[in-house]
Amino acid sequence: MAAAAAADANPIRCASFNQDNSCFVIGTKDGFRIFDSNTGRLLYQRDIGAFVIVEMLFSSSLLAIVGAGEQASLSPRRLCLFNTETGAALRELNFLTSILAVRVNRKRLIVVLQGKTFIYDINSLVILDTIDTVPNLKGLCAFSPCLDGCFLALPASTTKGSVLVYNAIDLHSHCEIDAHRSPLTAMVFSSNGMYIATASEQGTIIRVHSISEATKSYGFRRGTYTSTVYSLSFGPSIGLPDILLATSSSGSVHAFLLGSAIDQRSKRSSTFLGSIIPDSVSDALDAAHHVLHNAVSPGVKSYAVIRKVDRADDSSKSESTSESTSFRATVSIITYNGYFLEYFLNINHRNESSWTLDREFNLLTAIQ
């Protein structure tokens, strides 16, 4: 009864944005829906039963879908590649245990089970590699959509926050990163695959590692109390992303400025005190942190992305701060109780921020 009540309270079973955040899709007890992120328009709706995984391939007609098992035809052990143009299945893949996560890009299809992860060529569906993993009960993974940095990240331990980074194009292990003392609960790659952000079950510290160096870390304190981090998202960038976003069970949305954190760390390391403070302590000193409190009701799962970052000329800044940049980030949030929220996060050259709600609508009552 409690499980049923929880399902009714949170009617969205799954939610994901496509690789460039131009569209997003939700799965419910009735089916799945695709929305245009820019307009909020409902693009496609299919009511054929409950789904727990729905993943898009950019803005194509291809979906990777997995049923919730509430109907015999929608087994959680069956992956269906579905064509929204024809309304028919292109191909199905069956597994011995439940599928916990699926990721796609233009070259690879990733299927995560509890103890194994499979890598397929997405065009031929030939299996290229099988990775034996530690028990991954939540299907935790991260996958870069970029082909030049096409990395897959999986938990490497059940007792600490270690990350296995795997090259999904060349099919070999790239590195292992010891990111946290507690087991992982969230991780994400930057769009170019150059950086990975991670959070542990403690949920107090979020860290960013350079994939090429494997050990270089920037840390951000989300808060002092334990909280479940539901999602992490980098802002779009060619190089080092400007912003990292996090949502958690506290109901707040946290935005961290990576460039400011690097500048602060460089300044600290040049001082005597900064040179002797270890990173585990100095994580708490990074102040490039902007919070939107009570964006979502506490305990309601949410998923947020930074859809775009617009740099702006700040006419109020003085010549002495001419090297500073003001910008506005568009932050889109899906709540699992059925809403879409979009905020503008404005940050000026003095690191002052403001959050403005631009639009909000109910995902379950939208009409195509």
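Every read-out reported here was derived from the displayed coordinates using simple, explicitly stated rules and does not represent laboratory data. Given the structure is predicted, the values throughout are model-derived calculations rather than measurements. Positions of Cβ are backbone-derived with ideal geometry, glycine not excepted, and every protein chain shown enters the neighbour counts.
Got a sec to turn the phi values of region 84-98 into Karplus ³J(HN,Hα) couplings, 6.51 cos²θ - 1.76 cosθ + 1.60 with θ = phi - 60°, whole Hz, x for Gly and Pro?
Computed from phi, the couplings for region 84-98 are 6, 6, 9, x, 10, 6, 8, 6, 10, 10, 10, 10, 7, 10, 5 Hz.
Multiply the residue gap between GLU213 and ALA89 by 0.36 nm, knock off their C-alpha separation, and tell me the result in nm, one decimal place.
40.5 nm
Using only the alpha-carbon atoms, how far is helix 258-269 inclined from the longest principal axis of the chain? Give it as 0 to 90 degrees, nearest 10.
40
Give the long-range amide H neighbours of ILE243: residues separated by 5 or more places, or on another chain, with amide H under 5 Å away, using H modelled in the peptide plane at 1.01 Å from N.
Close amide H contacts, sequence-distant or interchain: GLY235, LEU258.
Taking neighbour Cβ counts within 10 Å as the exposure measure, how do HIS293, HIS180, HIS349 sort from fewest upward?
Least to most surrounded, the residues fall as HIS293, HIS349, HIS180.
Report relative contact order for the chain in percent, whole number only (criteria: Cα-Cα under 8 Å, sequence separation at least 6).
That works out to 9 percent.
For SER200, what residues show an amide H to amide H distance below 5 Å, using hydrogens built from the backbone and excluding near sequence neighbours?
THR185, ILE205
Which ³J(HN,Hα) values, rounded to whole Hz and listed in residue order, are derived for region 157-165 from phi using the Karplus coefficients 6.51, -1.76 and 1.60 in 6.51 cos²θ - 1.76 cosθ + 1.60 with θ = phi - 60°, glycine and proline given as x?
Karplus values, whole Hz, x for Gly and Pro: 7, 9, 10, 9, x, 8, 10, 8, 9.
Looking at this model, which pairs from LYS138/LYS216; LYS116/LYS308; LYS160/LYS308; LYS29/LYS160 are more than 29 angstrom apart at the alpha-carbon?
LYS116/LYS308; LYS160/LYS308; LYS29/LYS160
Of the listed peptides 213-220, 27-34, what is their order by residue-averaged count of other C-beta atoms within 10 Å, with the highest listed first?
27-34, 213-220
For region 1-139, what does the relative contact order come out to in percent, with C-alpha contacts under 8 Å and a separation of six or more?
Relative contact order here is 13 percent.
Could you derive backbone 3J(HN,Hα) for region 16-23 from the dihedral phi with the Karplus parameters 6.51, -1.76 and 1.60 (θ = phi - 60°), listing whole Hz in sequence and x where the residue is Gly or Pro?
Per-residue couplings from phi come out as 7, 8, 6, 5, 10, 6, 7, 9 Hz.
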